[in-house]
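**Q** One structure, pasted below without further comment.
The values are calculated or read from the model by the stated rules, or taken from the named source; none is laboratory data. Quantities reported herein were computed from a predicted structural model and do not represent experimental measurements. With ideal geometry, Cβ positions are generated from the backbone for all residues, glycine too; neighbour counts draw on all protein chains shown.
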């Protein structure tokens, strides 16, 4: 499915499970959106406390570290509006409570487009299907439809908080094994790497990370007949209007 033209998009909301998920999956694309003047907001579901490679770092310190890293990475891409829901890393499930929190963010941001993780397991790239990723994707798509647009869903959001229903026009899913759209990010690939390097606790231990991420992107580009040396990110587009 063809996405809406970026010229029709004023606001995008990105919903992911962990700090760094949006950067691994879509930082090059996000950098292009913000360069066009599109306002991009993040909603990060978990606190990331199971992340990191350094056993000397107390677990209770990890959420603060990872939030700071995500803010630094977002700044590189031109994003400053970030909501952290602070669910426990590794324990995320698509509960009614999580749906409501995402609906709240949708109604505040009022995005025409959302970028989420796939709720389906990717058997070709199993590590893309972390249970938290699928839970965040499922809760996000349920929040888009039917909840965010329905005045009678979570009525207190309207009656108490004054948050009007909002209809998201389209959803982009990353980490899917059924992509139908690609974005050539060759021009913003260095920004993607810079954003990933900002997640020091997650990437500093792996000197092969830049090579690995480039190879992923080059495979995406080759599969979509882009010139040699190009890098791409891939998505599935869902019309939700």
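**Q** Here are 221, 151, 136, 140: which of them is part of a helix (DSSP H, G or I), over 20 Å from residue 3 (Cα atoms) and either without any contact (Cβ under 8 Å) to a residue 40 or more places away in the chain or under 17 Å from the mean Cα position of the chain (by Cα) (or both)? Break it down stepwise before answering.
**A** Details: 221 fails: over 20 Å from residue 3 (Cα atoms); 151 fails: part of a helix (DSSP H, G or I); 140 fails: over 20 Å from residue 3 (Cα atoms).
Only one candidate passes the filter, namely 136.
**Q** If you don't mind, there's one more thing I want to ask. Please specify each residue of the stretch 66-80 satisfying the condition of being touching a helix residue (DSSP H, G or I) at 6+ places or on another chain (Cβ under 6 Å) and either outside any helix (DSSP H, G or I) or at pLDDT below 95 (or both).
**A** Of everything in the stretch 66-80, just one residue is touching a helix residue (DSSP H, G or I) at 6+ places or on another chain (Cβ under 6 Å) and either outside any helix (DSSP H, G or I) or at pLDDT below 95 (or both), namely 78.
**Q** Of the residues in the stretch 25-62, how many are out of contact with any helix residue (DSSP H, G or I) (no Cβ under 6 Å at 6 or more places or on another chain) and either free of Cβ contacts under 8 Å to residues at least 24 places away in the same chain or surrounded by fewer than 17 Cβ atoms within 10 Å (Cβ to Cβ) (or both)?
**A** 12
**Q** OK, next. Could you count how many residues in the stretch 154-183 are within 16 Å of residue 117 (Cβ to Cβ), surrounded by 19 or more Cβ atoms within 10 Å (Cβ to Cβ) and touching a residue at least 60 places away in the same chain (Cβ under 8 Å)? Before the answer, list the steps.
**A** Pass one, the stretch 154-183, residues within 16 Å of residue 117 (Cβ to Cβ): 168, 170-179, 181.
From what's left, surrounded by 19 or more Cβ atoms within 10 Å (Cβ to Cβ): 168, 170-176, 179.
When the remaining residues are screened for being touching a residue at least 60 places away in the same chain (Cβ under 8 Å), the result is 168, 170-176.
Number satisfying all stated conditions: 8.
**Q** Quick check: anything in the stretch 183-204 outside any helix (DSSP H, G or I) and over 29 Å from residue 110 (Cβ atoms)? Before the answer, list the steps.
**A** Residues of the stretch 183-204 that are outside any helix (DSSP H, G or I), as a first pass: 183-185, 199, 204.
Add one more test, that the residue is over 29 Å from residue 110 (Cβ atoms), and what stays is 204.
Within the stretch 183-204 (the criterion being outside any helix (DSSP H, G or I) and over 29 Å from residue 110 (Cβ atoms)), the answer is yes, since at least one residue qualifies.
**Q** Yes or no: the stretch 1-20 includes at least one residue that is surrounded by fewer than 24 Cβ atoms within 10 Å (Cβ to Cβ), within 14 Å of the chain's Cα centre (by Cα), part of a helix (DSSP H, G or I) and on the phi < 0 side of the Ramachandran plot.
**A** No, the stretch 1-20 has no match at all.
**Q** Still on this structure, I have one more. Among the residues in the stretch 186-196, are any without any contact (Cβ under 8 Å) to a residue 24 or more places away in the chain, crowded, with 19+ Cβ neighbours inside 10 Å and more than 19 Å from residue 2 (Cα to Cα)?
**A** yes
**Q** Any residue that is closer than 14 Å to residue 176 by Cβ, part of a helix (DSSP H, G or I) and either touching a strand residue (DSSP E or B) at 6+ places or on another chain (Cβ under 8 Å) or free of Cβ contacts under 8 Å to residues at least 12 places away in the same chain (or both) - is there at least one of those in the stretch 101-113? Don't jump to the end; show me each part of the working.
**A** In the first step, residues of the stretch 101-113 are kept if they are closer than 14 Å to residue 176 by Cβ; the result is none.
No, the stretch 101-113 contains no residue that is closer than 14 Å to residue 176 by Cβ, part of a helix (DSSP H, G or I) and either touching a strand residue (DSSP E or B) at 6+ places or on another chain (Cβ under 8 Å) or free of Cβ contacts under 8 Å to residues at least 12 places away in the same chain (or both).
**Q** Can I ask one more? Residues 93, 83: which one is part of a loop (DSSP other than H, G, I, E, B), surrounded by fewer than 22 Cβ atoms within 10 Å (Cβ to Cβ) and in contact (Cβ under 8 Å) with a residue 24 or more places away in the chain? Break it down stepwise before answering.
**A** Details: 83 fails: part of a loop (DSSP other than H, G, I, E, B).
Just one listed residue meets the conditions, 93.
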